[in-house]
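Written out below as structure tokens is the structure these notes cover.
The values are calculated or read from the model by the stated rules, or taken from the named source; none is laboratory data. Note that the structure is a prediction, hence the values are computed from the model and not measured. Please note: Cβ atoms are built from the backbone with ideal geometry, for glycine as well, and neighbour counts cover all protein chains shown.
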Amino acid sequence: MEKRIKQNLVYKGKLLSLEVLEVLMPSGFRTTREVIYHPGAVAVIALNSQNQVLLVRQYRTALRDFTWEIPAGKLEKGENPLKCAQRELLEETGYEAKIWQFLFSFFPSPGYSNEVIHLFLAQGLVEKQPKLEADEEITFSFFSLEELNRMIKPSQPFDGKTLLALMYLNERNLSKNNPDSP
């Protein structure tokens, strides 16, 4: 395991902080690591009664483009992930869900960040009023699993949490249609 020799907080913002570490590797080699600290996030696979997936479309400044992705958002300090998922779904889409299921947590970029995303399945959607924050401009739409699979193109990057959600849904669909699957 690496040993931290020196650490320097380079940036601290409202979303994340960046630290540059000097580390000593077990081999004796000294090197630096850049680490982004993130409070964590949630992502929601929201399914309507026709089993269509709710995606949000928003501009992502880092990409200089719009993305289609599952609803997601940052955890507030001390916030329960389920409460955050419920809040984000309502804020971004105006939907509440009657049935919630925690699926799993994952690290989207462990090579340089400690961010963890908690993935939830939301069903029994009830339409309410979106509560977008002032800095959010989001539209949304429902897509069938087949439409989502067609949206994925090998030559075009796609949002990682949405790809993971799609893989989960494809596997779930396969299991439902194959009674011999484990």
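Results, tabulated for the structure shown:
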item: Residues that are in a loop (DSSP other than H, G, I, E, B) and either closer than 12 Å to H118 by Cα or within 14 Å of the chain's Cα centre (by Cα) (or both), drawn from the stretch 67-78; result: I70, P71, L75
item: E96 among the acidic types (D, E), in the same structural domain as N114 (by TED's automatic domain parsing), more than 20 Å from G160 (Cα to Cα) and part of a loop (DSSP other than H, G, I, E, B); result: no
item: Criterion: in a strand (DSSP E or B) and of a type outside the set (D, E, K, R) - qualifying residue of L119, L90, L82; result: L119
item: Candidate set: the stretch 7-29, residues that are more than 17 Å from N114 (Cβ to Cβ) and surrounded by 11 or more Cβ atoms within 10 Å (Cβ to Cβ); chosen: the one nearest to the chain's Cα centre (by Cα); result: E22
item: Test set (1) within 18 Å of the chain's Cα centre (by Cα); (2) surrounded by fewer than 18 Cβ atoms within 10 Å (Cβ to Cβ); (3) touching a residue at least 12 places away in the same chain (Cβ under 8 Å); (4) over 24 Å from Y59 (Cα atoms) - I99 fails condition number; result: (1)
item: Hey, S105 surrounded by fewer than 16 Cβ atoms within 10 Å (Cβ to Cβ), under 30 Å from N8 (Cα atoms) and among the polar types (S, T, N, Q) or not; result: yes
item: Filter pass, L82 being in contact with a Cys (Cβ under 8 Å, 6 or more places away or on another chain), free of Cβ contacts under 8 Å to residues at least 60 places away in the same chain and either surrounded by fewer than 13 Cβ atoms within 10 Å (Cβ to Cβ) or not acidic (D, E) (or both); result: no
item: Residues that are crowded, with 16+ Cβ neighbours inside 10 Å and in contact with a Gly (Cβ under 9 Å, 6 or more places away or on another chain), drawn from the stretch 108-120; result: E115, V116, I117, H118
item: Close pairs (8 angstrom Cβ cut-off, 6 or more residues apart or separate chains): under 10 Å from H38 (Cα atoms) in the stretch 1-17, assigned to a strand (DSSP E or B) and charged (D, E, K, R) anywhere; result: L15/K74
item: Selected residue (only one of L63, L15, L21 is outside the structural domain of L148 (by TED's automatic domain parsing), outside any strand (DSSP E or B), over 19 Å from A122 (Cα atoms) and of a type outside the set (G, A, S)); result: L15
